[in-house]
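J.: Pasting in a structure now, in structure tokens, and then I'll have a few things to ask.
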Amino acid sequence: DAKTTQPPSMDCAEGRAANLPCNHSTISGNEYVYWYRQIHSQGPQYIIHGLKNNETNEMASLIITEDRKSSTLILPHATLRDTAVYYCIVRPNTGNQFYFGTGTSLTVIP
Amino acid sequence: DAGVIQSPRHEVTEMGQEVTLRCKPISGHNSLFWYRQTMMRGLELLIYFNNNVPIDDSGMPEDRFSAKMPNASFSTLKIQPSEPRDSAVYFCASSFPSGTFTDTQYFGPGTRLTVL
């Protein structure tokens, strides 16, 4: 059961920052937030994950609110190749299943 | 570094036929997951293995579906008999659990199954 809520779609201008929000108000203390994306016809691709602190890697930044009830994935300089469906996932603390919701379809516009 | 390998990439079969999908996880990973993706239901977890042992198969739709992992480097998902509603993209993923709920799953390219 997905524990996250994401907007179904967003647009972003090429070269601008894309900020993708996610609500996870029922998240438990030791549950991680993961972000994946799926480019058309490919398998989902890992982007980033975090627990409490903000995280950054070569692909993106993850900002988690202090109460952990929401987070934002930031793609700092979106390119056309970033057009994809982005999934925000709360990883349950029992077992290691991921439950993918419906995600946000991001379209980067030239 | 090879990622998760799936075969075949495309499969077209007729209703009633047996279908076998194959997956080779990333070397060293000890968890393996089978997912199915359709437009109607999105990405669904079917079954996952830890150390070659099935842990949770609650997502397997019915008895026509079976999955095996005979060794750490190979898994199969079998559908017998296949039906048109089984048409979907089937993904395999693998991970190396760290024990602190931070394992990351790496997905294969998927097998697009069409049952006529």
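J.: Name, by its number, the condition in (1) closer than 16 Å to residue A:98 by Cβ; (2) assigned to a strand (DSSP E or B); (3) away from chain A (no Cβ under 11 Å) that does not hold for residue B:75.
T.: Checking residue B:75 against (1) closer than 16 Å to residue A:98 by Cβ; (2) assigned to a strand (DSSP E or B); (3) away from chain A (no Cβ under 11 Å), the one that fails is (1).
J.: Another question, then. I need the full set of residues from segment B:20-45 which are in contact (Cβ under 8 Å) with a residue 40 or more places away in the chain and under 11 Å from the mean Cα position of the chain (by Cα), in order please. Can you show your working first?
T.: First, pick out the residues of segment B:20-45 that are in contact (Cβ under 8 Å) with a residue 40 or more places away in the chain: B:20-38, B:43.
Within segment B:20-45, B:20, B:21, B:22, B:23, B:24, B:25, B:32, B:33, B:34, B:35, B:36, B:37 meet the criteria.
J.: If you scan segment A:84-96, which residues turn out to be buried (at least 19 other Cβ atoms within 10 Å of the Cβ) and either away from chain B (no Cβ under 14 Å) or of a type outside the set (Val, Ile, Thr) (or both)? Walk me through it before giving the result.
T.: Taking segment A:84-96 and keeping what is buried (at least 19 other Cβ atoms within 10 Å of the Cβ), we get A:84-91, A:96.
Scanning segment A:84-96 gives A:84, A:86, A:87, A:88, A:91, A:96.
J.: Any idea how many residues of segment A:44-70 are open to solvent by less than 30 Å² (accessible area, probe 1.4 Å), over 30 Å from residue B:10 (Cα atoms) and among the β-branched types (Val, Ile, Thr)?
T.: Result for segment A:44-70: 1.
J.: Whether any residue in segment A:78-85 is under 15 Å from the mean Cα position of the chain (by Cα), assigned to a loop (DSSP other than H, G, I, E, B), over 22 Å from residue B:105 (Cα atoms) and at pLDDT below 95 is what I want to check. Break it down stepwise before answering.
T.: Keep residues of segment A:78-85 that are under 15 Å from the mean Cα position of the chain (by Cα), which gives A:78, A:82-85.
Narrowing further to those that are assigned to a loop (DSSP other than H, G, I, E, B): A:78, A:83.
Going one step further and asking which of them are over 22 Å from residue B:105 (Cα atoms), we end up with A:78.
Filter again for at pLDDT below 95, leaving none.
No: zero hits.
J.: Let me ask something additional. Looking at (1) closer than 13 Å to residue A:20 by Cα; (2) surrounded by 16 or more Cβ atoms within 10 Å (Cβ to Cβ); (3) away from chain B (no Cβ under 13 Å), which is the only condition residue A:103 fails?
T.: (3)
J.: Does segment B:27-46 contain at least one residue that is modelled with pLDDT of 95 or more, among the hydroxyl-bearing types (Ser, Thr, Tyr) and farther than 26 Å from residue A:103 by Cβ?
T.: Within segment B:27-46, not a single residue is modelled with pLDDT of 95 or more, among the hydroxyl-bearing types (Ser, Thr, Tyr) and farther than 26 Å from residue A:103 by Cβ.
J.: So, one more: Given the criteria open to solvent by 40 Å² or more (accessible area, probe 1.4 Å) and under 15 Å from the mean Cα position of the chain (by Cα), does residue B:67 qualify?
T.: On the way: open to solvent by 40 Å² or more (accessible area, probe 1.4 Å): no; under 15 Å from the mean Cα position of the chain (by Cα): yes.
The answer is no for residue B:67.
J.: From the list A:9, A:41, A:25, which residue is within 9 Å of chain B (Cβ to nearest Cβ) and open to solvent by 50 Å² or more (accessible area, probe 1.4 Å)?
T.: On the way: A:9 fails: within 9 Å of chain B (Cβ to nearest Cβ); A:25 fails: within 9 Å of chain B (Cβ to nearest Cβ).
Selected residue: A:41, the only one of A:9, A:41, A:25 that is within 9 Å of chain B (Cβ to nearest Cβ) and open to solvent by 50 Å² or more (accessible area, probe 1.4 Å).
J.: Listed residues B:103, B:63, B:56; which is away from chain A (no Cβ under 11 Å) and either within 26 Å of residue A:103 (Cβ to Cβ) or without any contact (Cβ under 8 Å) to a residue 60 or more places away in the chain (or both)?
T.: Numbers: B:103 fails: away from chain A (no Cβ under 11 Å); B:56 fails: away from chain A (no Cβ under 11 Å).
B:63 is the lone residue from the list that is away from chain A (no Cβ under 11 Å) and either within 26 Å of residue A:103 (Cβ to Cβ) or without any contact (Cβ under 8 Å) to a residue 60 or more places away in the chain (or both).
The values are calculated or read from the model by the stated rules, or taken from the named source; none is laboratory data. Everything quoted here is computed from the prediction, not taken from an experiment. Cβ coordinates were reconstructed from backbone atoms using ideal geometry, including for glycine residues, and neighbour counts include every protein chain displayed. All accessible areas refer to the heavy atoms of the entire protein, side chains included, with ligands and DNA or RNA removed. Shrake-Rupley method; radii C 1.70, N 1.55, O 1.52, S 1.80 Å.
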